[in-house]
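Novice: So that we are looking at the same thing, I have put the structure below in structure tokens.
Here, each number is a calculation from the coordinates, and none is a lab measurement. Being a predicted model, the structure only gives us computed values, none of them experimental. Using ideal geometry, Cβ is built from the backbone for each residue, glycine included, and neighbour counts are taken over all protein chains shown.
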Amino acid sequence: MSYRIGLVGKPSVGKSTFFNAATMNDVPEGAYPFTTIDPSVGEAYVRVECAAPEFDETCTPNVGVCRDGTRFVPIELVDVAGLVPGAHEGRGLGNQFLTDLNETDALIHVVDFSGRTDIEGERTEGHDPREDIDFLEEELDAWYLDVLGKGLEKYETRYQGSEAAIEEELAEQMSAFGTTKDEMKQVILAEGLELEPETWDEGDREELAREIRKRTKPMVVAANKTDTPEARENWAEITDDPDYDHLSFVPVSAHAEKALKNADEAGVVDYTAGDDDFEVVGDVSGEQAAGLDAIRDHVTEYDGTGVQTALEAAVFDVLGCIAVFPGSANGSKDEKGVFRDCFLLPEGATTEDFAYHIHSDIGEGLLHGTDCRSGRQVGTDRELSHRDVIELISTKQAAP
């Protein structure tokens with residue numbers, strides 16, 4: 001299972017360009033609403049420092065690639081249909097948008113920080129990107145509030161004859177968002193509410209829905225087109241605005257990433273995704289050289305184009321994932337290759353979680369793990385750390 005990141009935002013802000021830059025897929029791009037009608041799913045990657053060099057090995061990845069000691073681990077990226085205000089009421093492609101969105105683990109909200117597209121995705125000048133940030137959060141909050149309200153209605157209807165506590169009822173109603181009754185109870189109490197919904201007013205319900213949304217659909221804002229002067233001005237203002245302290249922002253130029261990857265494939269430049277510089281290695285025209293110089297100015301100032309950074313912010317910072325390498329007695333080899341796999345696991349994952357992630361048979365027969373760096377035995381309940389190399393000792397082998 002790979003993590004699934006949803007790429008969201010209003011039409012014409014560069015979502016499809018971001019998607020294509022991250023996956024190098026040919027999804028139609030265009031500056032008009034609903035260029036993307038159906039969700040496009042592609043394979044993108046996050047970077048992890050490979051463990052193989054520590055064991056004097058050269059890895060042979062089963063999936064993804066390794067380039068100069070950097071492992072590119074696959075994730076799924078979903079370019080969801082364009083969003084417009086009123087999506088939670090079914091406006092535009094709203095119903096499909098919400099359905100597709102619900103199958104993702106975290107969101108990257110692509111926002112046109114140049115202010116050249118209005119709230120409907122039409123061309124304009126001087127639009128405030130704050131409106132775009134706000135409307136997406138408001139649409140999601142309204143969606144969550146609607147689902148929460150249905151759960152409260154069921155609870156009130158069944159209350160007299162039901163043994164279910166409110167957190168159980170709401171967790172069941174909102175199970176599609178991946179929340180459990182314990183997590184639901186935790187968020188209710190964290191909001192300072194009693195476990196008696198009759199004591200909640202409308203404001204309490206709205207705050208509860210918003211907090212559940214923040215926890216179950218964490219978000220990164222990809223401030224696209226920050227290679228323009230207008231976007232840089234907006235970046236400085238918005239990232240300094242305390243109203244947006246709850247969000248993670250990444251400066252992005254999706255078209256620069258796409259251009260560099262195309263040039264790399266054509267042998268014009270030497271570029272690795274996420275790098276803060278590149279080398280021109282082929283013949284270029286004067287116009288091409290000027291374009292590459294402009295891109296270099298951006299990647300130098302912002303430590304890259306931002307596309308790779310946004311993906312990694314979603315996976316590692318917002319979701320808190322860790323990468324773990326399966327090892328063998330010598331830390332690396334098995335009969336099929338060397339450091340073939342690198343798995344992404346949730347924060348707090350244990351040795352046992354790792355075993356079950358690889359295969360249920362290994363999990364069922366798990367005895368303990370071995371830290372391949374130290375050679376020490378680790379228990380089944382040991383919390384793993386980012387870039388651990390763990391050998392799993394089990395009485396069962398994975399089914400072929």
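Novice: Rank-order 57-65, 221-229, 361-369 by packing density, defined as the average count of other C-beta atoms within 10 Å over each peptide's residues, highest first.
Specialist: Result, highest mean Cβ count within 10 Å first: 221-229, 361-369, 57-65.
Novice: Using mean Cβ contacts within 10 Å as the protection proxy, how do 193-203, 209-219 order, highest first? Each step should come with its number before you reach the end.
Specialist: Working: 193-203: 11.8, 209-219: 19.2.
My ranking of the peptides, most packed first, is 209-219, 193-203.
Novice: Quick one: work out the % antiparallel among DSSP beta bridges in the chain, nearest 5. Don't skip to the end; give the middle numbers.
Specialist: On the way: 29 of 51 bridges.
So the antiparallel bridges in the chain amount to around 55 percent.
Novice: Now a separate question. Counting only C-alpha contacts under 8 Å and six or more residues apart, can you give the relative contact order of the chain as a whole percent?
Specialist: Values: 771 pairs, mean separation 64.5, N = 400.
Worked out over the chain, it gives 16 percent.
Novice: Return the distance in nm (one decimal) between the two label points of a simple spin-label model at T395 and A164, each offset 7 Å from Cα along Cα→Cβ.
Specialist: Between T395 and A164, the label points sit 3.8 nm apart.
Novice: Let me have the 222 nm mean residue ellipticity of the chain computed from DSSP H runs of 4+ only, each contributing -39500 (n - 2.57), with the sum over all residues rounded to the nearest 500.
Specialist: Values: 12 runs with 137 residues, N = 400.
The helix contribution divided over the chain gives -10500 deg cm²/dmol.
Novice: Something else: For labels at R130 and Y244 in the simple 7 Å Cα→Cβ model, what's the distance in nm?
Specialist: Placing both labels 7 Å beyond Cα along the Cβ direction yields 0.9 nm.
Novice: At what distance in angstrom do the alpha carbon centres of the range 219-254 and the range 5-20 lie from each other?
Specialist: 15 Å
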